[in-house]
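Some notes on the structure that comes next.
Bear in mind that the values in this text are calculations on the coordinates, not laboratory data. Keep in mind it's a predicted model, so treat the numbers as computed, not measured. Every residue, glycine among them, receives a Cβ derived from its backbone with ideal geometry; neighbour counts consider all protein chains shown.
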Amino acid sequence: MSRDPSGGPGDGLLEEPEDYQAFVQSLIGRVEDRLVSKLDEDVQAEFANLVALLVEMPRKSVKESRIFFELAFDLLAAKEPNLSLVRSIRQELSNVNDRTSGGIVRYISFICGGTRLSAVISALITVILLSVLIVWVMITSHRALLQSAAGTSVLMSMLSDGSVELLIVAIHAAFVGGVVSIVARVQDFVDGNALSPPLVYISVLRKPFLAASFVVLVFSALKTGLVAFTGVDFTSPAAPYMAWVVGFLCGFSERFAQDFVMSAGGRFGA
C-alpha cells in the first residue's frame with residue numbers, strides 16, 4: 001500500500017476505509033497538542049465544523065480537496081490560528097460539499113452557482129418568473145376554480161365586489177416589494193455573509209413568498225375591519241392603488257408585516 005512522504009495515505013487511496021481513517025487521524029494529529037489544552041471556543045467550533053465535513057463529504061470530494069483540509073488543520077494547529085482564513089477555507093469546502101451532495105441541494109447548488117452574488121441573481125430571476133406565473137394563474141383561473149367547487153354560490157357573491165382582483169394586485173405588489181428590498185440590500189447578502197450560496201438562494205427566494213403570505217392576512221384583516229387605518233378604504237375608486245401600496249409595504253418591509261400581525265393579534269385579546 002503506497003503512502004505519501006508525510007506518512008499519510010496515498011492520494012489515490014482515500015476511497016479505501018482504512019486509508020481514509022488514516023488520513024483523518026493524520027489531520028487530527030496536526031492539532032493533537034492543542035486539543036490537550038483548552039482551546040478557544042472559536043477554534044473548537046472550526047475544528048468541529050471541519051471534522052463534520054470530513055464525515056459528510058464523499059471521499060472523492062475529500063480527496064480532491066485534500067490540500068485545503070490539510071491547510072485548514074495546519075492553520076488551527078498554529079500558535080496563533082488565523083481563524084478568518086480557516087473560516088474562508090471551511091466555507092469553500094462547504095460549497096464543494098453542497099455541489100457534490102445528493103438530493104435537491106445538489107440541484108439548488110447547480111442553479112445558484114458557486115458564489116453568493118450568483119446565488120442572489122439566480123434567486124431574483126427565479127422569483128420574477130414564479131411571481132409572473134403565479135399571478136397569471138390567479139388571474140386566469142381563480143373564478144373557474146371557485147365555480148367548479150361545490151357550494152360556492154354564496155362565496156362567489158361575496159367575491160363579486162372585486163375583492164379577489166384587489167388581492168391579486170396586492171400579492172403582485174408584495175412580490176415587487178420583496179424584489180426591490182432584495183436589490184436594495186444585495187450587498188448584505190454578498191459581503192460579510194456566512195451563508196453558503198444555496199442558503200443565500202433559499203433566503204432570497206423565501207422573502208417574496210413570505211411577503212405574499214403576509215399580504216393575504218393583512219388584506220383580509222383590513223377588509224374585515226379587524227384592523228383599520230385612516231384613509232384605507234378598499235371600496236373607493238383608489239382601492240387598486242391602496243391594495244398595491246399595502247402589498248408593496250408587506251414585501252419591502254418585513255417589520256411592517258410583523259407589526260401588523262402583532263397588532264391584529266392583539267385585537268383578539270390575551
> Which value does Rg/Rh take for the stretch 169-267 over its C-alpha atoms, Rh per Kirkwood?
Replying inline: 1.05
> Using 1/(1 + (r/R0)^6) with R0 = 45 angstrom and r between the beta carbons of Gln25 and Asp188, what's the FRET efficiency to the nearest 0.05?
Replying inline: 0.65
> In which sequence would Arg116, Arg87 go, from the one with the fewest C-beta neighbours within 10 Å to the one with the most?
Replying inline: Arg87, Arg116
> Cα atoms only, the stretch 175-233: Rg and Dmax in Å?
Replying inline: 15.5, 44
> Using r as the Cβ-Cβ distance of Ala238 and Arg106, and R0 as 45 Å, what FRET efficiency do you calculate, to the nearest 0.05?
Replying inline: 0.40
> Can you work out the FRET efficiency for the pair Ser213 and Asp40, with r the C-beta to C-beta distance and R0 = 41 Å, to the nearest 0.05?
Replying inline: 0.45
>> Once the convex hull of the alpha carbons of the stretch 13-101 is built, what does its volume come to per residue, in cubic angstrom?
In response: 81
